Amino acid sequence: MKQRIITGLAIAIVVLTTFIAGGLLRQIVISAFIFLGVYETYAIKEKEWPKWLFVVLITLVLGLSFLVSDKYLLISILAIIMVFYLISILNPWFSPSDLGYMVTMILLFTGTLKSILMVFDRYGINMMIFILVSTYFTDTGAYFSGFYFGKTKLNERISPKKTVEGSIGGWLIATIGGFTYAYFMVKDFDLLTLGLLSAVFPIVCQIGDLAFSDIKRHFKIKDFGSIFPAHGGVLDRIDSLIFNLMFFYIFVTLLY
């Protein structure tokens, strides 16, 4: 537990410092997380897949995020699916299930990058910190609530250690913590909207955590990587954040 706390605090300090500093430093940190996350996506089957597939993967994520406008995004996704089906037809090492995994991860990374850009461009650092607080208060609250009070398994097939008590504790702590921060620091929305977001973010991020746990169980791995001691890889740290960022993007696009 001690190593987990130390690593978590170190990650939080680095991310918050660079996000607040902005500019090139922020871009470097975001790029590093995306690059390593994409590599971990590929590394699950790197013994079976050629290295050029990783190049294709990172190129598509960056291309869809920065070069393709929303108007042509669907066209680009359909073209990518067709290309991956061609790869599957021509190569026995790339199955239709691999195709589904690849396309899903491309969409997740693209959605994450577009969401990050939107948050900083339209709402600024305080909104991003609100999302971060809601996400990682959920993770931390669920961990400690489950550690001390957890008895009822949440979904033993996907994540044997997670408990209902931990999930509820994480939601409660994150809802209170997130709303407290938003009340004083976020001025872009009214209190009702901030309260709604504070209550929904912890639910969405737990879905994201379980979704990535499901991927790990499918590929029979414990963690996506080992870059963060006691935490695993980049994807193990940003799985919940990915879903919250995309939820916020959808929320403001539909309602504002």
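The values are calculated or read from the model by the stated rules, or taken from the named source; none is laboratory data. Treat the numbers as computed from the prediction; the structure is a model and nothing was measured. Methodologically, a virtual Cβ is constructed for each residue, glycine included, from the backbone with ideal geometry; neighbour enumeration extends over all protein chains shown. Just so you know, the surface numbers come from the protein's heavy atoms only, side chains and all, with ligands and any DNA or RNA stripped out. Shrake-Rupley method; radii C 1.70, N 1.55, O 1.52, S 1.80 Å.
Note on the range 154-185: residues that are over 22 Å from the mean Cα position of the chain (by Cα) and not acidic (Asp, Glu) total 4.
Taking the range 114-130 as the range and being open to solvent by less than 10 Å² (accessible area, probe 1.4 Å) and in contact with a Ser or Thr (Cβ under 9 Å, 6 or more places away or on another chain) as the test, only Phe130 passes. Quick check on this structure: which one of Ile158, Ile176, Ile168 is at pLDDT below 95 and of a type in the set (A, V, I, L, M)? Of the residues listed, the single one that is at pLDDT below 95 and of a type in the set (A, V, I, L, M) is Ile158.
Taking only the range 134-161 into account, find how many residues are in a strand (DSSP E or B) and farther than 15 Å from Arg4 by Cβ. Steps first, answer last, please.
Narrowing the range 134-161 to residues in a strand (DSSP E or B): 153-155, 159-161.
Filter once more, keeping what is farther than 15 Å from Arg4 by Cβ: 153-155, 159-160.
Matching residues across the range 134-161 total 5.
In the range 13-95, counting only helices (runs of 4 or more DSSP H) that sit wholly within it, the ones holding 1 or more residues that are among the basic types (Lys, Arg) span 23-43, 51-62. Here the range 142-173 is the region considered, the condition is being over 25 Å from Ile215 (Cα atoms) and in contact (Cβ under 8 Å) with a residue 24 or more places away in the chain, and the residue that is surrounded by the fewest Cβ atoms within 10 Å (Cβ to Cβ) is Leu172. Looking across the range 11-25, the residues that are without any contact (Cβ under 8 Å) to a residue 12 or more places away in the chain and surrounded by 13 or more Cβ atoms within 10 Å (Cβ to Cβ) come down to Thr18, Leu25. Looking at the range 88-100, is at least one residue within 28 Å of Asp236 (Cα to Cα), open to solvent by 20 Å² or more (accessible area, probe 1.4 Å) and within 22 Å of the chain's Cα centre (by Cα)? For the range 88-100, residues within 28 Å of Asp236 (Cα to Cα), open to solvent by 20 Å² or more (accessible area, probe 1.4 Å) and within 22 Å of the chain's Cα centre (by Cα): present. Just one of the listed residues (Tyr85, Tyr72) is hydroxyl-bearing (Ser, Thr, Tyr) and surrounded by 13 or more Cβ atoms within 10 Å (Cβ to Cβ), namely Tyr85.
Residues of the range 209-245 being polar (S, T, N, Q) and crowded, with 19+ Cβ neighbours inside 10 Å, which ones?
Ser213, Ser240, Asn244 - these are the residues of the range 209-245 that are polar (S, T, N, Q) and crowded, with 19+ Cβ neighbours inside 10 Å.
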